[in-house]
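The values are calculated or read from the model by the stated rules, or taken from the named source; none is laboratory data. Values in this document were obtained by computation on a predicted structure and should not be read as measured data. Because the Cβ atoms are built from the backbone with ideal geometry, glycine has one as well, and the counts that use them run over all protein chains shown. We work out accessible area using only protein heavy atoms, side chains counted, and drop any ligands, DNA or RNA first. Shrake-Rupley method; radii C 1.70, N 1.55, O 1.52, S 1.80 Å.
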Amino acid sequence: MGSPLVSLIIPTQRRRDGLITAALSTFRQAGVDLNELELVIVDNDQVDSARATVRALADEAPFPVTYVHEPEPGVANARNAAMARAKGDLIAFLDDDEEAPEGWLAALLAAMARHQADVVFGPVRGRAPEAVVAHRDYLERFFSREGPAEAGLLDHYYGCGCSLLRRAALPDPKAPFSAIRNHIGGEDDLLFGQMKRDGAKFAWEPAAWVWEDPVPARLTLGYTIPRAFAYGQGPASACAAASPPDRLGVAGWMAQGLVQAAVFGALAGFKWLIRAPDFASTLDRAARGLGKTLWWGPFKIHFYGLRAGA
């Protein structure tokens with residue numbers, strides 16, 4: 001068999017059950033030629049904790065499975081390590097807490113061909129266990145990705161999970177993700193932002209959706225509100241990282257964030273007092289506003305790059 005057309009990539013770190021679910025869902029893809037696929041799993045643990053799991057998965061896979069151990073922590077390190085080993089002209093990313101229905105990859109490929117796109121994104125549907133009751137609707141929305149009702153070209157971009165990339169459109173085909181975002185995330189935002197400036201075409205395909213099953217520790221406001229704050233930092237950080245830096249853009253986002261934090265912060269306080277059911281959503285908007293205002297070094301939160309035992 002020659003080089004695969006599509007390399008499926010799953011980065012993982014100490015999530016055995018989620019990894020198995022994600023990998024098995026790639027085995028069940030329909031409407032695609034399995035002879036043109038490969039799966040690359042990159043283990044971003046200090047020790048090779050996923051090696052045995054991947055070996056067992058490879059025994060039942062309908063296409064080649066490659067195990068990559070990247071001990072240096074960081075989400076960009078993990079993605080780049082997988083990209084360096086992947087052989088495909090097209091790269092499909094699936095996270096280790098996602099599960100793809102059988103028509104997912106076929107829908108991504110059809111959309112890329114139809115729109116002549118460089119990157120195609122699909123929806124993500126957050127799914128919380130039945131035991132989660134408090135703020136359930138908010139938490140499922142938080143871990144979801146919604147987009148246009150109709151398929152078509154986009155003037156913006158989304159995150160890397162549940163996406164299909166054309167390798168030839170990447171600024172660096174082997175290591176496109178910036179290491180400066182290893183510990184805080186947003187390495188995909190930096191990449192897609194650069195690609196947009198270079199004229200890349202982005203598309204959206206509603207049929208290419210996946211489930212997302214967050215680990216229980218993330219299904220709390222203690223995780224999502226700091227994460228919302230970090231998401232809010234994105235626009236101002238991107239302006240600051242531009243070459244040359246967009247200082248006017250930074251100032252604009254900071255001003256907008258200050259107003260957003262003040263208005264929604266006061267509203268969240270009131271909703272907390274009256275026990276309003278949408279309190280969490282309002283607090284989330286306040287946190288994102290605060291992130292736009294407090295976006296630089298001391299306020300960065302590290303969500304990635306944990307070593308074993310951390």
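Among the GluC sites (Glu not before Pro) in region 118-151, those located in a DSSP loop and surrounded by at most 12 other Cβ atoms within 10 Å of their own Cβ are Glu130, Glu146, Glu150.
What does the accessible area per residue of the chain come to in Å², with a 1.4 Å probe and no ligands, DNA or RNA counted? Walk me through the numbers before you get to the answer.
Numbers: 14260 Å² over 310 residues.
On a per-residue basis, 46 Å².
Using a Förster radius of 22 Å, what is the FRET efficiency between Arg275 and Arg141 based on their Cβ-Cβ separation? Nearest 0.05, please.
The value I calculate is 0.70.
For region 190-275, the C-alpha radius of gyration divided by 2.2 N^0.38 Å, with N the number of residues, is 1.46.
In the complete set of protein chains, residue-level accessible area for Lys271 is approximately 30 Å², probe 1.4 angstrom.
Which of the pairs Lys174/Lys196; Lys201/Lys300; Lys201/Lys292 have their Cα atoms more than 24 Å apart in this structure?
On the way: Lys174/Lys196 19 Å; Lys201/Lys300 30 Å; Lys201/Lys292 27 Å.
Beyond 24 Å: Lys201/Lys300; Lys201/Lys292.
The GNM of the chain, with springs linking C-alpha atoms under 10 angstrom apart, assigns the highest mean-square fluctuation among Pro298, Pro245, Pro148 to Pro298. When the P(r) is computed for region 1-119, the part past 18 Å accounts for 48% of the Cα-Cα pairs. Using a probe of 1.4 Å on the protein chains alone, the accessible area found for His156 is around 70 Å².
Roughly how tilted is helix 104-115, in degrees to the nearest 10 and between 0 and 90, from the longest Cα axis of the chain? It works out to around 80 degrees. Remark: the chain is approximated by an ellipsoid whose semi-axes, taken from the C-alpha gyration tensor as √(5λ), come to 32, 22, 20 Å, largest first. Sorting Met195, Met254 by solvent-accessible area of protein heavy atoms yields Met254, Met195, largest first, with a 1.4 Å probe. A quarter of the convex hull surface defined by the alpha-carbon atoms of region 171-225 gives 6.0 nm² as the mean projection. Note on surface exposure: Trp211, Trp204, Trp295 rank Trp211, Trp295, Trp204 by accessible area, highest first, 1.4 Å probe. Ranking Pro173, Thr224, Gly126 by Cα position along the charge dipole of the chain, where only Lys, Arg, Asp and Glu carry charges on their C-beta atoms, puts Thr224 farthest toward the positive end. Look at the alpha carbon pairs under 8 Å that are at least 6 residues apart: their mean separation over the length of the chain gives a relative contact order of 20 percent. Applying the Kirkwood pairwise sum to the alpha-carbon positions of region 94-205 produces a hydrodynamic radius of 15.3 angstrom. The GNM of the chain, with springs linking C-alpha atoms under 10 angstrom apart, assigns the highest mean-square fluctuation among Ile180, Ile225, Ile91 to Ile180.
Determine the share of the chain's accessible area contributed by carbon and sulfur atoms, expressed in whole percent, with a 1.4 angstrom probe.
The computed percentage sits at 57.
Relative to the longest principal axis of the Cα atoms of the chain, the long axis of helix 16-27 lies at roughly 60 degrees.
With a 1.4 Å probe rolled over the protein heavy atoms of all chains, the accessible area of Tyr138, Tyr231 falls in the order Tyr231, Tyr138, largest first.
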